[in-house]
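S.K.: Let me give you the structure first, and then I'll get to my questions.
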Amino acid sequence: RAGSLEQAWAIIAELLAGLGPFLSLTWIPGIAQTLQTTNTELALAFAGILFLQVFEHFQGKDDIAAVFHRLPVVIRWMFYVGLTVAILNLGVAQEIPFIYFQF
């Protein structure tokens, strides 16, 4: 316990002093190298996690299907087309042989 307010601020400043590199985001390329991925793929992963967290937040408050159906038809179709394009562009596009033909 700090003896004064000045000591309390000094303790808090010392605790937060190590967060400088973390807040400057210089650690992101290191994570990408460790995971053997590119910065773009890592950014997409973080964006996906953020999207799922936002989706879960809104799902807990209201029925997401009801909210989605209240949107204008144009917005819903933009979402459908965007999701389809994202799936087609971000999917794995290599040819994998059908395993049962190998026997």
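The values are calculated or read from the model by the stated rules, or taken from the named source; none is laboratory data. Just so we're clear, the structure is a prediction, and the values are computed from it rather than from any experiment. Positions of Cβ are backbone-derived with ideal geometry, glycine not excepted, and every protein chain shown enters the neighbour counts. Calculation scope for accessible area: heavy atoms of the full protein, side chains included, ligands and nucleic acids excluded. Shrake-Rupley method; radii C 1.70, N 1.55, O 1.52, S 1.80 Å.
S.K.: Can you tell me the 0 to 90 degree angle between the C-alpha axis of helix 39-61 and the longest principal axis of the chain, rounded to 10?
M.R.: 90 degrees
S.K.: Quick check: with the 1.4 Å probe, what order do Leu19, Leu44 take by accessible area, largest first?
M.R.: Leu44, Leu19
S.K.: Which loop-located GluC sites (Glu not before Pro) does the stretch 1-100 contain, where loop means any DSSP state but H, G, I, E or B and the Cβ has at most 14 other Cβ atoms within 10 Å?
M.R.: Glu95
S.K.: Relative to the present Cα-Cα distance, how much length would full extension add between Glu41 and Leu71 at 0.36 nm per residue of separation?
M.R.: Computed gain between Glu41 and Leu71 is 7.7 nm.
S.K.: Something else about it: Testing the spin-label approximation: label points 7 Å from Cα along Cα→Cβ at Gln33 and Val54. State their distance in nm.
M.R.: With each label point 7 Å from Cα toward Cβ, the separation is 3.2 nm.
S.K.: With every protein chain left in place, what is the accessible area per residue of the chain in square angstrom, probe 1.4 Å?
M.R.: 92 Å²
S.K.: Which entry is the computed Rg/Rh (Cα atoms, Kirkwood Rh) for this structure: (i) 0.96; (ii) 1.92; (iii) 1.21?
M.R.: (iii)
S.K.: OK, next. What does the charge dipole of the chain about its Cα centre add up to, to the nearest 20 debye, if the Cβ of each Lys and Arg holds +1 and the Cβ of each Asp and Glu holds -1?
M.R.: Magnitude of the dipole: close to 220 debye.
S.K.: How much length would be gained if the chain were fully extended between Ala93 and Gln7, taking 0.36 nm per residue of separation minus their Cα-Cα distance, in nm to one decimal?
M.R.: Full-extension gain reported as 25.0 nm.
S.K.: A further question on this structure: Just going by the charge dipole of the chain, with Lys and Arg at +1 and Asp and Glu at -1 on Cβ, which of Ile64, Val54, Ser4 is farthest out on the positive end?
M.R.: Positive-most Cα among the choices belongs to Ile64.
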